[in-house]
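The values are calculated or read from the model by the stated rules, or taken from the named source; none is laboratory data. Remember, predicted model here, so these are calculated numbers, not experimental data. Glycine gets a Cβ as well: all are built from the backbone with ideal geometry, and neighbour counts include every protein chain shown. Remember, those area values only see protein heavy atoms, side chains included, never the ligands or the DNA or RNA. Shrake-Rupley method; radii C 1.70, N 1.55, O 1.52, S 1.80 Å.
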Amino acid sequence: MVKFEPFYQVVRRVPRGRVATYGQVAALAGRPRGARLCGYALSALRGTVHDVPWQRVLGARGAGRAGISLRDPIGAAAQRALLEREGVVVDALGRVELERFGWRRVAAKR
DNA sequence: ACTTTGACGACTG
DNA sequence: GCAGTCGCCAAAG
């Protein structure tokens with residue numbers, strides 16, 4: 001899907017150990033209100049050959065906190081494992097502190 | 001061609 | 001803080 005290329009490129013830009021939200025990725029991809037598109041685009045990546053760190057994309061849930069929005073418990077667990085392997089702290093609820101790991105284009109080193 | 005659904009987000013009550 | 005509603009774009013039935 002060529003339409004999703006921009007999303008993938010944005011996700012690829014996310015540095016290791018950081019996470020971004022669907023809305024953020026959508027905005028950077030040129031779809032300010034295409035948060036759903038992001039999710040849809042990423043869902044298409046599942047079980048595909050890609051170099052897109054989809055695990056770094058989380059749901060925003062309003063603001064301040066992000067979390068794994070995958071509806072598939074299996075995929076959610078896998079994502080959590082991948083994130084922790086990169087150094088991202090994910091609590092039992094699958095939430096991540098955007099204050100610490102939220103992707104900032106300008107590496108906000110605490 | 002129309003309707004429903006989907007890894008969402010923001011606003012309103 | 002939580003539940004309901006609308007908006008958004010694309011794909012699948």
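Below, the figures for the structure above:
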| item | result |
| --- | --- |
| Conditions (1) touching a helix residue (DSSP H, G or I) at 6+ places or on another chain (Cβ under 6 Å); (2) under 14 Å from A:Trp103 (Cα atoms); (3) open to solvent by 30 Å² or more (accessible area, probe 1.4 Å): number failed by A:Val19 | (3) |
| Residue count for segment A:29-42, restricted to those that are open to solvent by 60 Å² or more (accessible area, probe 1.4 Å) and part of a helix (DSSP H, G or I) | 3 |
| Among the residues listed as A:Gly94, A:Gly102, A:Gly67, A:Gly47, the single one being at positive phi, within 13 Å of DNA strand B (Cβ to nearest atom) and buried (at least 17 other Cβ atoms within 10 Å of the Cβ) | A:Gly94 |
| Qualifying positions in segment A:70-85 - in a helix (DSSP H, G or I), without any contact (Cβ under 8 Å) to a residue 40 or more places away in the chain and buried (at least 20 other Cβ atoms within 10 Å of the Cβ) | A:Gln79, A:Arg80 |
